[in-house]
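One structure below.
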Amino acid sequence: MRSHYCGQLNETLVDQTVTVCGWVHRRRDHGGVIFLDMRDRDGIAQFVVDPDTVDAFANADRARGEYVLRITGNVRLRPDGTQNPDMPTGMIEVLAKDVEVLNTAATPPFQLDDHGKVGEEVRLKHRYVDLRRPDMIQKLRLRSRISHNVRAFLEQEGFLDIETPVLTRATPEGARDYLVPSRTHPGEFFALPQSPQLFKQLLMVAGFDRYYQIAKCFRDEDLRADRQPEFTQIDIEASFIEEDDIMGVTETMIRQLFGEVLDVALPEFPRMTWHDAMQRFGSDKPDLRIPLELTDVDDLMKDVNFKVFSGPANADDGRVAALKVSGGASLSRKAIDEYTRFVGIYGAKGLAWIKVNERAKGIEGLQSPIVKFMDNIIEDLLDRVDAKDGDIIFFGADKANIVNEAIGALRVRLGADLELYTHDWAPLWVVDFPMFETDGSGRLSPLHHPFTAPACTPEELKADPANALSRAYDMVLNGTELGGGSIRIHDQAMQSTVLEILGIGAEEAQEKFGFLLDALQYGAPPHGGLAFGLDRLVMLMTGATTIREVIAFPKTQSAACLMTNAPSDVTAEQLKDLNIRLRQKAKVEETVE
């Protein structure tokens, strides 16, 4: 039906006849001559319809925004003074000979060139209209380029694209699984995969050596800007490798991706241990564009007459950390109060601070409600953080995990609010993660997953599991975890040891992971891998603020699809066929006498 896309029209086609199909982006009537801006996925071009083409003019006259038209005409240069060098097609226009209305359109729920004033709920409900916006088209086109680039790179590196099952069994984190009832196995359920983890490990046991897949994954959990109940993962696994091998391949992949798609030359990725990241930045995914760092001051605070500081400073699980902001003394009390409320989100009970107005005056040159408790250590404190006139120092004092989360988040917030970024892109690898973390009851759980190899022997792991390190690694970019991976356990004895430490007995382990434990007996090679969040990667590369902007049909933050009204009720007949009976909540009105 067409010879060209709108965005393909340019000066090389002058005097040629073209046919395009698309949507009316804008219609203008200038004294009897009608101008139509036509839009398709490739761009926008201008068409001119004169009254002397009677049928074409009549159709153009009745066309309105979002009508679907097919137009044939001659390409010509725009008259002097009317060119638009900011548009790829801005030097030409098409003199229409034939205008055919392929379909009419109701008035859209919002203007496509004025989407900023429209709430996200309206846009998601009418997503098929929202996706017509050039901005959305460009994001999804870039996503397609990224996927194609990744596939081409991995194919060239010898990785095989292999699909793994979508219907599988529930995982140990079963509360996060989406369950699928089986009609043919009454009372039993499949689960949608949170990751192809076990299947890709089994492919390594099977000898496929290098595997990849751009896989759909599912997780039923609370959502954030960078989370969705269904998400896409670039999944990679390889055999006979060490950490440096898989990290080298994937770093090269990301660097060439940025170079080819964005023309951005990323530097070599520095490496930072998990411990250093938490101590310096309060986060295992630090944003290195921000020059602020946390400074430990526990030793200085142990004997101050201020229990808010001395308590955590003397506690085994406590931490007192300072965050100096150069030039921050100009922050208003209102701004400081807002930051105090902000850290409260992360469990902090407050936010202490000191403004350094004139350091030469000693304690008299400081402004803060807490300096009166620190007369004996104030100079050491100021030296520790290298404080200068005009600085402000924020403090976190609590359990170490609360301080890290709260002051780490404050660091990121200040970096954005005060525009402290020193460069555009800051990648790194975070390595040497702990093997386990503890919950409130002291029970150990895997920091990544229970198939991550520890960096020690089974005997050493049993002797001191709480301090064992893993062979895990995360790729971080601008404070976002792009991908995480590890060398996997390929020895059955080590896998059984890890499960035992996690409180999973032999019988339970066999019931949940028997197929993997059995497979490890049959010559499992050393192997490891990494999984990237494709949605997060595209979000960063397009400059979007949420992954919903780079997914064609996303869910809301409550995991609902406003366009299709999913999830929805099902009929009693469907439930009966699946051997399911719902536990109906009593109606409120039935409880009212």
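The values are calculated or read from the model by the stated rules, or taken from the named source; none is laboratory data. Bear in mind the structure is a predicted one, so any value in this text is a computation, not a measurement. FYI the Cβ positions are ideal-geometry reconstructions off the backbone, even for glycines, and counts take in every protein chain you see.
Would you be able to tell me the number of residues in the range 308-321 that are modelled with pLDDT of 95 or more and out of contact with any Gly (no Cβ under 8 Å at 6 or more places or on another chain)? Result for the range 308-321: 5. Here the range 7-38 is the region considered, the condition is being closer than 24 Å to Arg62 by Cβ and in contact with a His (Cβ under 9 Å, 6 or more places away or on another chain), and the residue that is surrounded by the fewest Cβ atoms within 10 Å (Cβ to Cβ) is Thr19. Considering the range 13-45, the residues that are part of a strand (DSSP E or B) and of a type in the set (Val, Ile, Thr) include one that is nearest to Gln138 (Cα to Cα), namely Ile44.
With respect to being of a type outside the set (Gly, Ala, Ser), crowded, with 18+ Cβ neighbours inside 10 Å, at negative phi and in a loop (DSSP other than H, G, I, E, B), Thr184 falls outside the description. Report yes if some residue within the range 162-181 is buried (at least 18 other Cβ atoms within 10 Å of the Cβ) and either assigned to a strand (DSSP E or B) or out of contact with any helix residue (DSSP H, G or I) (no Cβ under 9 Å at 6 or more places or on another chain) (or both); otherwise report no. Checked the range 162-181: at least one residue is buried (at least 18 other Cβ atoms within 10 Å of the Cβ) and either assigned to a strand (DSSP E or B) or out of contact with any helix residue (DSSP H, G or I) (no Cβ under 9 Å at 6 or more places or on another chain) (or both). Counted as qualifying within the range 363-467 are the strands (runs of 3 or more DSSP E) with 1 or more residues that are farther than 30 Å from Glu500 by Cβ and modelled with pLDDT of 95 or more, namely 391-399, 427-431. Scanning the range 297-312 turns up at least one residue that is in contact with a strand residue (DSSP E or B) (Cβ under 6 Å, 6 or more places away or on another chain) and free of Cβ contacts under 8 Å to residues at least 40 places away in the same chain. Take the residues in the range 344-358 that are under 32 Å from the mean Cα position of the chain (by Cα) and assigned to a loop (DSSP other than H, G, I, E, B), then tell me which one is farthest from Lys307 (Cα to Cα). For the range 344-358, the residue satisfying everything is Ile345. Quick check: anything in the range 204-219 touching an Asp or Glu at 6+ places or on another chain (Cβ under 9 Å) and part of a helix (DSSP H, G or I)? The answer is yes, given that some residue of the range 204-219 is touching an Asp or Glu at 6+ places or on another chain (Cβ under 9 Å) and part of a helix (DSSP H, G or I). When each of Leu537, Leu517 is tested for being at negative phi, crowded, with 23+ Cβ neighbours inside 10 Å and not in a loop (DSSP other than H, G, I, E, B), the lone residue that passes is Leu537. Taken over the range 56-83, the criterion of being assigned to a loop (DSSP other than H, G, I, E, B), charged (D, E, K, R) and under 43 Å from the mean Cα position of the chain (by Cα) is satisfied by Arg64, Glu66.
Would the range 96-115 turn up any residue that is within 20 Å of Thr545 (Cβ to Cβ), without any contact (Cβ under 8 Å) to a residue 24 or more places away in the chain and in a helix (DSSP H, G or I)? Looking for residues that are within 20 Å of Thr545 (Cβ to Cβ), without any contact (Cβ under 8 Å) to a residue 24 or more places away in the chain and in a helix (DSSP H, G or I), one finds at least one in the range 96-115, hence yes.
Within the range 61-101, the residues that satisfy the criterion of being closer than 15 Å to Arg39 by Cβ and of a type in the set (Gly, Ala, Ser) are Ala63, Gly65, Gly90. Can you pull out every residue in the range 320-343 that is over 16 Å from Leu418 (Cβ atoms) and free of Cβ contacts under 8 Å to residues at least 12 places away in the same chain? Residues satisfying the conditions are Arg333, Asp337, Thr340, Arg341. Here Glu338 fits the description: under 30 Å from Glu481 (Cβ atoms), acidic (Asp, Glu) and not in a loop (DSSP other than H, G, I, E, B). Of everything in the range 319-331 that is touching a helix residue (DSSP H, G or I) at 6+ places or on another chain (Cβ under 9 Å) and not charged (D, E, K, R), the residue that is surrounded by the most Cβ atoms within 10 Å (Cβ to Cβ) is Val320. Every condition in (1) in contact with a helix residue (DSSP H, G or I) (Cβ under 7 Å, 6 or more places away or on another chain); (2) in contact (Cβ under 8 Å) with a residue 40 or more places away in the chain; (3) buried (at least 21 other Cβ atoms within 10 Å of the Cβ) holds for Tyr522 except the one numbered (3). Residues of the range 418-450 that are without any contact (Cβ under 8 Å) to a residue 24 or more places away in the chain and out of contact with any strand residue (DSSP E or B) (no Cβ under 8 Å at 6 or more places or on another chain): Glu419, Gly440, Ser441, Gly442. The residues on offer are Asp299, Asp316, and the sole one that is exposed (fewer than 13 other Cβ atoms within 10 Å of the Cβ), assigned by TED's automatic domain parsing to the domain that holds Asp417 and assigned to a loop (DSSP other than H, G, I, E, B) is Asp316. Pairs meeting the criteria (first residue in the range 1-21 and closer than 11 Å to Ile92 by Cα and assigned by TED's automatic domain parsing to the domain that holds Ala96, second residue in a loop (DSSP other than H, G, I, E, B) and hydrophobic (A, V, I, L, M, F, W, C), beta carbons under 9 Å, at least 6 apart or on different chains) are Asn10/Met91; Glu11/Met91.
Taken over the range 39-56, residues that are touching a strand residue (DSSP E or B) at 6+ places or on another chain (Cβ under 6 Å) and exposed (fewer than 15 other Cβ atoms within 10 Å of the Cβ) amount to 0. All conditions in (1) over 22 Å from Leu294 (Cα atoms); (2) under 24 Å from the mean Cα position of the chain (by Cα) hold for Lys462, with the sole exception of (2). For the range 460-494, the tally of residues that are farther than 20 Å from Gln197 by Cβ, of a type outside the set (A, V, I, L, M) and touching a residue at least 12 places away in the same chain (Cβ under 8 Å) stands at 6.
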